[in-house]
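The values are calculated or read from the model by the stated rules, or taken from the named source; none is laboratory data. Note that the structure is predicted; figures quoted are calculated from it, not measured. Here the Cβ is made from the backbone with ideal geometry for all residues, glycine too, and neighbour counts use every protein chain on show. What goes into the accessible areas is simple: the full protein's heavy atoms, side chains included, and nothing from ligands, DNA or RNA. Shrake-Rupley method; radii C 1.70, N 1.55, O 1.52, S 1.80 Å.
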Amino acid sequence: MRVIERCDEMQKLARSWHKEGLSLGFVPTMGALHEGHLSLVREARRHHDRVVVSIFVNPLQFGPKEDYTRYPRTFEQDKSLLEKENVDVLFYPSVEELYPQGFQTYVVVEKLPEPLCGRSRPGHFRGVTTVVTKLFHIVMPHEAYFGKKDYQQYRIIERMVMDLNMDIRITPMPIVREPDGLAMSSRNRYLSPEERQKARILFRALELAKECIQKGERESSVLTEKLKSFIVNEVPEARIDYVAFVDALTLEDVSRLRGHVLLALAVFLGNTRLIDNCEFFLEE
Ligand code: PAF
């Protein structure tokens with residue numbers, strides 16, 4: 001596996017692969033890799049002649065009070081995991097390489113970033129769409145893979161690619177969970193052993209929602225209240241950021257559940273903000 005740190009070197013290699021007619025799959029990450037990331041890498045490996053994974057902790061997508069400086073950086077471990085998956089290139093640029101002095105161009109999707117995580121993380125998705133656009137221009141993939149744990153991010157990138165006529169297929173991949181149901185996330189490392197136990201509450205809330213919906217409940221306000229009280233009763237120290245039922249394409253709130261609906265949750269345990277979600281396909 002080759003490690004490339006420079007944008008021009010990555011672009012040159014991608015161009016030569018294009019010339020040879022090779023297909024290129026891409027997995028953008030911020031490192032601290034887990035099985036969720038590796039499932040994306042394996043899917044890219046199954047479908048493409050060449051696979052590039054990027055590791056870049058993107059300062060643009062962290063708010064001033066967020067965890068940019070303490071975000072886990074585990075380069076050597078990540079590198080050996082990617083070597084085992086037969087990745088061709090690990091693209092590993094520095095902040096100065098991606099955002100040289102004078103950088104002042106951003107990519108903004110207008111509406112999809114407003115609800116859910118966008119409400120409590122202003123500017124976050126602008127940082128994501130800007131870095132992903134840059135990475136797409138540098139790596140020039142035919143297909144890029146995103147985990148559905150960050151469902152809003154996936155929909156925003158899908159929209160951006162459509163709106164800007166980027167010739168890249170965006171493939172969402174299912175959430176990968178720990179044996180007890182907790183969605184895998186690099187931020188799970190922040191949890192103390194007690195918080196880790198309690199973190200299961202997100203998955204349990206999703207299970208409760210499934211049960212209520214199976215029994216026929218369709219009113220979003222009834223379900224939302226039920227889930228919120230379940231979470232705070234079971235884990236009083238949990239701070240709910242949001243519990244929301246939204247249209248899975250537009251991410252707008254729905255009052256009655258029908259069609260393709262997303263239940264999305266964000267909950268703080270201590271200083272750690274955890275997210276999870278579940279899709280429902282309901283008859284009209
Ligand atoms: O999902 C992530 O890890 C990041 O938001 C991404 C897509 C790599 C952009 O920095």
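Of all residues in segment 42-68, those satisfying the criterion of being without any contact (Cβ under 8 Å) to a residue 60 or more places away in the chain, among the aliphatic types (A, V, I, L, M) and in contact with a helix residue (DSSP H, G or I) (Cβ under 8 Å, 6 or more places away or on another chain) are Val51, Val53, Ile55.
Residues of segment 178-205 being surrounded by 13 or more Cβ atoms within 10 Å (Cβ to Cβ) and outside any helix (DSSP H, G or I), which ones? Break it down into steps so the answer makes sense when it comes.
Keep residues of segment 178-205 that are surrounded by 13 or more Cβ atoms within 10 Å (Cβ to Cβ), which gives 178, 181-191, 195-205.
Correct list: Glu178, Gly181, Leu182, Ala183, Met184, Ser185, Leu191, Ala199, Arg200.
For segment 30-47, filtering for residues that are open to solvent by 20 Å² or more (accessible area, probe 1.4 Å) and either in a helix (DSSP H, G or I) or more than 13 Å from the ligand (Cβ to nearest atom) (or both) leaves 8. For segment 68-81, the condition holds for at least one residue, the condition being that it is β-branched (Val, Ile, Thr) and under 30 Å from Tyr242 (Cβ atoms). Cβ separations smaller than 9 Å between residues 6+ apart or across chains give the following pairs from segment 145-166 residues that are under 19 Å from Leu274 (Cα atoms) and open to solvent by 50 Å² or more (accessible area, probe 1.4 Å) to residues that are at pLDDT 95 or above and aliphatic (A, V, I, L, M): Asp150/Val128; Asp150/Ile275. For segment 94-123, filtering for residues that are under 18 Å from Pro59 (Cα atoms) and open to solvent by less than 20 Å² (accessible area, probe 1.4 Å) leaves 3.
Consider segment 113-164 and keep the residues that are more than 9 Å from the ligand (Cβ to nearest atom), assigned to a helix (DSSP H, G or I) and among the charged types (D, E, K, R). The one that is farthest from Asn188 (Cα to Cα) is Asp163. Per the conditions (1) assigned to a loop (DSSP other than H, G, I, E, B); (2) within 16 Å of the ligand (Cβ to nearest atom); (3) in contact (Cβ under 8 Å) with a residue 60 or more places away in the chain; (4) closer than 30 Å to Val246 by Cβ, the sole criterion not satisfied by Val87 is (4).
The one condition from (1) more than 18 Å from Leu262 (Cα to Cα); (2) open to solvent by less than 60 Å² (accessible area, probe 1.4 Å); (3) more than 16 Å from the ligand (Cβ to nearest atom) that Leu208 does not meet is (1). Taking segment 80-93 as the range and being more than 27 Å from Phe62 (Cα to Cα) and among the hydrophobic types (A, V, I, L, M, F, W, C) as the test, only Val87 passes. Identify the single condition in (1) under 19 Å from Gly127 (Cα atoms); (2) touching a residue at least 24 places away in the same chain (Cβ under 8 Å); (3) small (Gly, Ala, Ser) that Ala14 does not satisfy, given that it satisfies every other one. Here Ala14 clears every test but (1). Tallying residues that are hydroxyl-bearing (Ser, Thr, Tyr) and free of Cβ contacts under 8 Å to residues at least 12 places away in the same chain within segment 225-284 yields 1. Considering every residue within segment 168-177, establish whether at least one is among the polar types (S, T, N, Q), more than 11 Å from the ligand (Cβ to nearest atom) and open to solvent by less than 30 Å² (accessible area, probe 1.4 Å). Yes; the residues of segment 168-177 include at least one that is among the polar types (S, T, N, Q), more than 11 Å from the ligand (Cβ to nearest atom) and open to solvent by less than 30 Å² (accessible area, probe 1.4 Å).
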